[in-house]
Amino acid sequence: MNASRRAVLALIATATAFGGRAFAQALEVTESTVKAAFLYKFAGYIDWPDVALEPAGGAFVIGVMGNDEVLAELGRIQPGRSVAGRALAVRKVRDLDSLAGVQMLFVGRPESARLPVVVRAAQRQGILVVSETERGLEAGSVINFVVLDNRVGFDVSLDSAERSGHRVSSRMLAVARRVVPKAG
Amino acid sequence: MLIANIGGSVRRKVMLLVLITTVSALLLSATGLVVYDLRAYERQWTNDLNTQAEVLARASAPALSFGDSKAAANDLRVMRVRPRVLAAALYTSAGQRFATYTQDGVPTVSFPEAPEADGARIEGDQLVIFRRVVENGEVLGTVYLRALYQPWDRLRDYLTILGVVMIASLAIAAFFSGWLQTAITAPILEVSRVAREVITQDDYSLRARKISDDEIGELVDSFNAMLAEAGRRADALREADRRKDEFLATLAHELRNPLAPLRNALEILRLAGTNAAMSEKARQMMERQLNQMVRLVDDLLDVSRITTGKLGLRKAVIELQAAVRDAIETVRPFLEARHQVLSVDLPVDPLPVDGDRTRLAQVFANLIHNAAKYSAAEAPIAFSLAREGDEAVVRVRDRGIGLDAASLTSIFDMFVQVDKSLERAQSGLGVGLTLAKRLVSLHGGSIEARSEGTGKGSEFVVRLPLAERPADGDAESPRHDGRGARGRRVLIADDNADFANSLGSLIAGSGHDVRVAYDGAEALAAASRFRPDIAFLDIGMPRVHGYEVARQMRELPGLSSCVLVAVTGWGQEDDRRRAQDAGFDRHLVKPVDPKEIETILGSG
C-alpha cells in the first residue's frame with residue numbers, strides 16, 4: 001500500500017466509523033480499519049434468523065478467518081459496542097469446528113479457496129458470511145468487499161442472504177455497489 | 001365621552017358610533033389573527049423543515065455510514081420537490097462537508113464550513129436548520145437545510161383580505177346606522193320638536209307621538225307626563241295668581257267700605273252738637289264700622305301667619321264648651337243685627353280638648369259667621385256639639401245658599417268665596433275657612449263641608465280629638481260676667497297722649513282707679529308710688545322703653561303679682577315672645593278691643 005492510498009482510506013474511515021473521538025488514531029487507518037468498521041455496521045442493517053441468535057443473552061460474535069489485521073481492528077472497535085441488544089465480541093476462527101456461537105463470519109483473502117465449504121457450513125447455522133475476493137458472491141458469501149479507485153465498497157447477494165435466512169435492509173442496499181437479486 | 005364631544009346631530013353621532021365600533025372590532029380581531037397566524041406559520045414551517053431534516057437524516061444514514069457521497073448527493077436531491085428549500089448539505093461526524101444540494105435557479109450558496117448544534121434559526125428571509133444524523137446510537141453526521149421564510153408575503157395577503165372585509169363592513173355598518181337613525185333618532189327628534197313647539201307656543205296640551213315601545217318610548221311617555229304636569233302647574237299658578245288679584249281688589253274694597261260711613265258719622269257728630277240721640281246713633285255706627293275694619297286687619301294678620309307658617313297655638317286642656325260660648329259671644333251682635341236665631345245644642349258632660357281656646361273659638365265663630373252671612377235674614381242656624389267615640393264633633397247647619405259639589409273642597413282654599421255677587425260689606429276677605437281648616441288641623445282634627453247643592457243649605461263638620469285628662473283649672477278662663485272685680489288700681493303708660501287718655505277715661509268710666517303716664521320713666525315713678533294691680537304699657541316709649549319698664553317693675557316691692565299688659569302695634573309671634581320674656585303677662589295689639597280690656601280687668 002502506498003502513501004496516497006493510505007491517506008484516502010484514513011479520511012473515509014474517520015468520516016464513517018469513529019467520528020471525532022477516533023481522530024487521533026486516524027493516521028493509522030488502513031483498508032483493514034475500514035473493513036472492520038463496515039463489518040460492525042453491516043450488523044445494524046441486517047435481520048438475523050432466530051437460530052443465529054441462540055442461545056439468548058449471549059454476545060454478538062463476529063468471527064474472523066484468515067485476516068489478522070481486520071481481527072485486530074475489530075478488537076479495537078469492540079469495547080462498549082453492541083449489536084441487536086447484545087455486546088459485541090470478536091473471535092478468531094481457525095476451522096469450521098469453532099463456528100458455534102458466531103453470528104457473522106469474515107473470510108479473509110488467504111482463506112478464499114475454502115470459501116464454498118465455509119459458506120455451506122455457515123448457512124446451516126444461520127451465520128452471515130462476508131468475503132473479500134473477486135468472485136466471493138459467486139462462492140456463496142452474502143457480502144463481498146470491493147476496492148475500487150482507492151475506496152472500499154461492497155456487493156450484496158440477496159440470493160445468498162435468503163439461503164442463510166438473513167434479510168438485508170434496503171437502506172444498506174442503496175449504498176451497495178452491486179446487488180445480486182434473489183434467484184427466481 | 002368622545003362621542004359627546006363630536007359636533008353635529010344625533011344622527012351623525014350614531015353613524016360615527018357604529019363605524020368606530022366596526023372598525024375597531026375589525027382591526028383588533030385582524031391584529032390578533034395575524035399575530036397568531038405569523039407565530040403559527042413560523043412554528044409550522046420550522047416543524048415542517050425539521051421533519052424534512054429528519055427524513056433526510058434517516059435516508060442518508062447508510063450513505064454516511066459507508067462513506068458513499070454519491071448516494072448522499074442523491075438523497076439530498078429529493079429536496080427538488082420542495083422549491084422553498086434553497087439548499088441542503090450533509091456533514092460527516094468529523095465536521096467535513098460530505099454532500100451538497102442547491103435548488104435550481106438559486107445563485108451560488110455558501111455552505112457553512114462546519115455544522116452547528118441541532119436547532120432552527122431565522123436569518124433574514126430564510127430559515128436555517130441543523131440536525132444530527134443518528135443511527136443505532138451512533139452520531140453519523142449532520143443535515144443542513146436552508147429554506148425560504150417569508151411571513152411578509154403572508155402578511156400582505158392578510159392585509160389585502162382585511163382591507164376588502166373592512167370596506168364591506170363599513171358599507172354594512174353605514175346601512176345599519178341609517179336604519180338605527182329611524183329606529184332611535186326619529187323618536188328623539190320627535191320629542192325635541194314637540195319640546196320646541198311647547199316653548200314657542202306656550203301650549204302644554206301638545207304631546208309627542210310614541211313610535212317605539214323601548215326605552216325611548218318610555219322617554220316619550222315620561223316627557224308627555226311631564227308636559228301634563230307642567231300644564232297643570234301652570235294652570236294652578238294662573239289660578240292662584242287670579243285669586244290673589246281678586247283678593248287685593250276685595251281687600252281695597254273692604255278697607256274702603258267702612259270709611260264712608262265713618263266720615264258720615266263724623267259729619268253727623270259735628271252737626272248734631274248737643275243732640276244726644278243723634279250723637280249716640282253716630283257713635284254706634286262708628287263702632288260698628290271700626291269693628292269691621294279691625295276684623296279685616298286681624299284677618300290680614302292671620303293670612304300672613306298662614307302663608308309664613310307661623311300660625312302658632314298656645315295649648316292647654318280646655319273644656320270645649322267654653323270655646324263655644326266664647327264664639328257665640330263674639331258673633332251674637334252680628335246675628336242680632338240680621339235677626340237670625342241660633343239654636344245651640346251642647347252636651348252636659350265637659351268635653352276636654354288639648355287646644356288653644358281663643359283659636360278654637362275663632363274657628364267656631366267663623367263657621368257661625370259664615371252660616372249667618374250666607375243665609376237670608378231671620379233664617380235659623382243650628383249649632384251642635386257632641387261626643388262621638390273619642391272625638392268631639394261640632395256641626396254648624398244653615399238653610400242658606402248652599403254649595404255645589406265642586407266647591408265642597410275648594411271652599412277651604414285661600415281667597416275663595418262662594419258668591420262674589422254678595423254684598424261686599426258682608427263678604428269679608430275669603431280667608432275665614434282657610435284659617436279654620438288650618439287651625440283645626442293644627443289641633444289634629446278635620447273639617448268638612450257638606451251640602452246637597454246650591455240653595456239647599458250647608459253643613460260644616462269639625463272633628464277634634466278628645467284629651468285624655470280633664471280640663472286644667474278654670475283660672476285662665478275669661479269670665480263674661482263683665483263687671484266681676486271692681487275698684488282696681490290701673491296704670492296706663494303711652495307716649496300717645498290721646499290713646500293713653502282715652503283708654504284711661506274708658507277704664508275709669510268702669511269704676512277703676514287710674515293713673516296715666518306719658519313715658520317710661522314717668523311710668524316707673526308712678527308704679528313705685530301707686531302700686532297698680534294692672535299696668536297697660538306701650539313698648540315704644542321715650543326715655544325707657546316698655547320692656548325695660550316691665551323688667552324694673554317686676555323688681556319693685558309689692559308689684560310681683562301686678563298684671564303687666566303690653567300694648568303695641570306689633571302683633572307678630574316674635575313680639576309676643578319678647579314681651580313674655582320681659583315679664584309681661586298679656587300682649588294686646590292696637591287697636592285694642594275694649595272687650596279684651598274688660599276681660600283683663602275682670603280676671604286680673
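State whether one or more residues within the range B:160-181 are within 37 Å of the chain's Cα centre (by Cα), modelled with pLDDT under 85 and of a type outside the set (Phe, Trp, Tyr).
Within the range B:160-181, one or more residues are within 37 Å of the chain's Cα centre (by Cα), modelled with pLDDT under 85 and of a type outside the set (Phe, Trp, Tyr).
Collect the residues in the range A:146-161 that are without any contact (Cβ under 8 Å) to a residue 40 or more places away in the chain, over 14 Å from A:GLU134 (Cα atoms), buried (at least 17 other Cβ atoms within 10 Å of the Cβ) and not aliphatic (A, V, I, L, M), keeping them in residue-number order.
Hits for the range A:146-161: nothing passes.
Working only within the range B:74-91, note down all residues that are within 12 Å of chain A (Cβ to nearest Cβ), crowded, with 18+ Cβ neighbours inside 10 Å and in a helix (DSSP H, G or I).
The one that is within 12 Å of chain A (Cβ to nearest Cβ), crowded, with 18+ Cβ neighbours inside 10 Å and in a helix (DSSP H, G or I): B:ASP75.
Given the criteria touching a helix residue (DSSP H, G or I) at 6+ places or on another chain (Cβ under 6 Å) and acidic (Asp, Glu), does A:GLU132 qualify? First the steps, then the outcome.
Numbers: touching a helix residue (DSSP H, G or I) at 6+ places or on another chain (Cβ under 6 Å): yes; acidic (Asp, Glu): yes.
Judged against the criteria, A:GLU132 is a match.
I'd like the residue in the range B:136-180 that is among the polar types (S, T, N, Q) and more than 30 Å from B:GLY67 (Cα to Cα) and, out of all such residues, is surrounded by the fewest Cβ atoms within 10 Å (Cβ to Cβ).
B:THR160
Of the conditions (1) surrounded by 18 or more Cβ atoms within 10 Å (Cβ to Cβ); (2) among the charged types (D, E, K, R); (3) within 30 Å of B:LEU162 (Cα to Cα), B:ASP68 clears all except one; give me its number.
(3)
Among the residues of the range B:133-151, write down those that are assigned to a strand (DSSP E or B) and more than 11 Å from chain A (Cβ to nearest Cβ).
B:VAL133, B:VAL134, B:THR142, B:VAL143, B:TYR144, B:LEU145, B:ARG146, B:ALA147, B:LEU148
Pairs under 7 Å by beta carbon, first residue part of a loop (DSSP other than H, G, I, E, B) in the range B:207-233, partner among the polar types (S, T, N, Q), six or more apart or different chains?
From residues that are part of a loop (DSSP other than H, G, I, E, B), the pairs are B:ARG207/B:ASN224; B:ALA208/B:ASN224.
Just give me the residues in the range B:190-224 being farther than 26 Å from B:LEU180 by Cα and either of a type outside the set (Ser, Thr, Tyr) or more than 25 Å from the chain's Cα centre (by Cα) (or both), in sequence order.
B:VAL198, B:ILE199, B:THR200, B:GLN201, B:ASP202, B:ASP203, B:LEU206
Return the total of residues in the range B:448-484 being modelled with pLDDT of 90 or more and either more than 29 Å from B:SER375 (Cβ to Cβ) or assigned to a loop (DSSP other than H, G, I, E, B) (or both).
Matching residues across the range B:448-484 total 2.
Test B:ASP390 against the criterion of being of a type in the set (D, E, K, R) and surrounded by 18 or more Cβ atoms within 10 Å (Cβ to Cβ), and give yes or no.
Here the answer is no, as B:ASP390 does not meet what is asked.
Here are some residues: B:PRO532, B:PRO542, B:PRO557. Which one is more than 28 Å from B:MET293 (Cβ to Cβ) and surrounded by 19 or more Cβ atoms within 10 Å (Cβ to Cβ)?
Exactly one of B:PRO532, B:PRO542, B:PRO557 is more than 28 Å from B:MET293 (Cβ to Cβ) and surrounded by 19 or more Cβ atoms within 10 Å (Cβ to Cβ), namely B:PRO532.
Using the structure shown, decide if B:THR160 is closer than 21 Å to B:THR46 by Cα and away from chain A (no Cβ under 14 Å).
So B:THR160 does not fit the description; no.
With B:ALA117, B:ALA94 as the choices, which residue is of a type outside the set (S, T, N, Q) and loosely packed, with under 14 Cβ neighbours inside 10 Å?
After applying the criteria, what remains is B:ALA117.
For residues in the range B:59-73 being outside any loop (DSSP other than H, G, I, E, B) and at the interface with chain A (Cβ under 8 Å from one of its Cβ atoms), which is farthest from A:PHE38 (Cα to Cα)? Don't jump to the end; show me each part of the working.
Just the residues of the range B:59-73 that are outside any loop (DSSP other than H, G, I, E, B), to begin with: B:59-65, B:69-73.
Still in the list and also at the interface with chain A (Cβ under 8 Å from one of its Cβ atoms): B:59, B:61-65, B:71.
Working: B:ALA59: 18, B:ALA61: 13, B:PRO62: 11, B:ALA63: 12, B:LEU64: 11, B:SER65: 8, B:ALA71: 16 Å.
Ranking the candidates gives B:ALA59 first.
Is there any pair linking a residue in the range B:29-57 that is part of a helix (DSSP H, G or I) to one that is among the β-branched types (Val, Ile, Thr) and surrounded by 14 or more Cβ atoms within 10 Å (Cβ to Cβ), with Cβ under 6 Å and at least six apart or on different chains, and which?
If the second residue must be among the β-branched types (Val, Ile, Thr) and surrounded by 14 or more Cβ atoms within 10 Å (Cβ to Cβ), the pairs left are B:LEU49/B:ILE129; B:ALA53/B:ILE129; B:ALA53/B:VAL143; B:LEU56/B:VAL143; B:ALA57/B:VAL133; B:ALA57/B:VAL143.
Pick out, from the range B:537-604, the helices (runs of 4 or more DSSP H) lying fully within it that include 3 or more residues that are more than 42 Å from the chain's Cα centre (by Cα) and β-branched (Val, Ile, Thr).
B:594-603
Which of the residues that make up the range A:162-184 are of a type in the set (A, V, I, L, M, F, W, C) and either surrounded by fewer than 15 Cβ atoms within 10 Å (Cβ to Cβ) or touching a His at 6+ places or on another chain (Cβ under 6 Å) (or both)? Spell out how you get there, then give the answer.
Of all residues in the range A:162-184, those of a type in the set (A, V, I, L, M, F, W, C) come to A:168, A:172-176, A:179-180, A:183.
Selection gives A:LEU173, A:ALA183.
Picking from B:ALA517, B:ALA500, which residue would you name as being crowded, with 18+ Cβ neighbours inside 10 Å and in contact with an Asp or Glu (Cβ under 7 Å, 6 or more places away or on another chain)?
B:ALA500
Which residue pairs have Cβ atoms closer than 8 Å, lie 6 or more positions apart in sequence or on different chains, and pair a first residue in the range B:544-561 that is at positive phi with a second residue that is outside any helix (DSSP H, G or I)?
Note: pairs meeting the criteria are B:GLY558/B:ARG531.
I need every pair where a residue in the range B:96-111 that is within 14 Å of another protein chain (Cβ to nearest Cβ) has its Cβ under 7 Å from the Cβ of a residue that is assigned to a strand (DSSP E or B), sequence separation at least 6 or different chains.
B:ARG97/B:ALA89; B:ARG97/B:TYR91; B:PHE98/B:LEU90; B:PHE98/B:TYR91; B:PHE98/B:THR92; B:PHE98/B:GLY141; B:ALA99/B:ALA89; B:ALA99/B:LEU90
Given the criteria surrounded by fewer than 17 Cβ atoms within 10 Å (Cβ to Cβ) and either away from chain B (no Cβ under 14 Å) or of a type in the set (S, T, N, Q) (or both), does A:ARG120 qualify?
yes
Going through the range B:312-354 one residue at a time, which ones are in a loop (DSSP other than H, G, I, E, B) and either surrounded by 18 or more Cβ atoms within 10 Å (Cβ to Cβ) or touching a Phe, Trp or Tyr at 6+ places or on another chain (Cβ under 8 Å) (or both)?
B:GLN340, B:LEU351
For the range B:515-536, which positions are aromatic (Phe, Trp, Tyr) and over 55 Å from the mean Cα position of the chain (by Cα)?
B:PHE530
The values are calculated or read from the model by the stated rules, or taken from the named source; none is laboratory data. What you are looking at is a predicted structure, and each value in this text was computed from that prediction instead of being measured. No Cβ is skipped: glycine too gets one built from the backbone with ideal geometry, and neighbour counts run over all protein chains shown.
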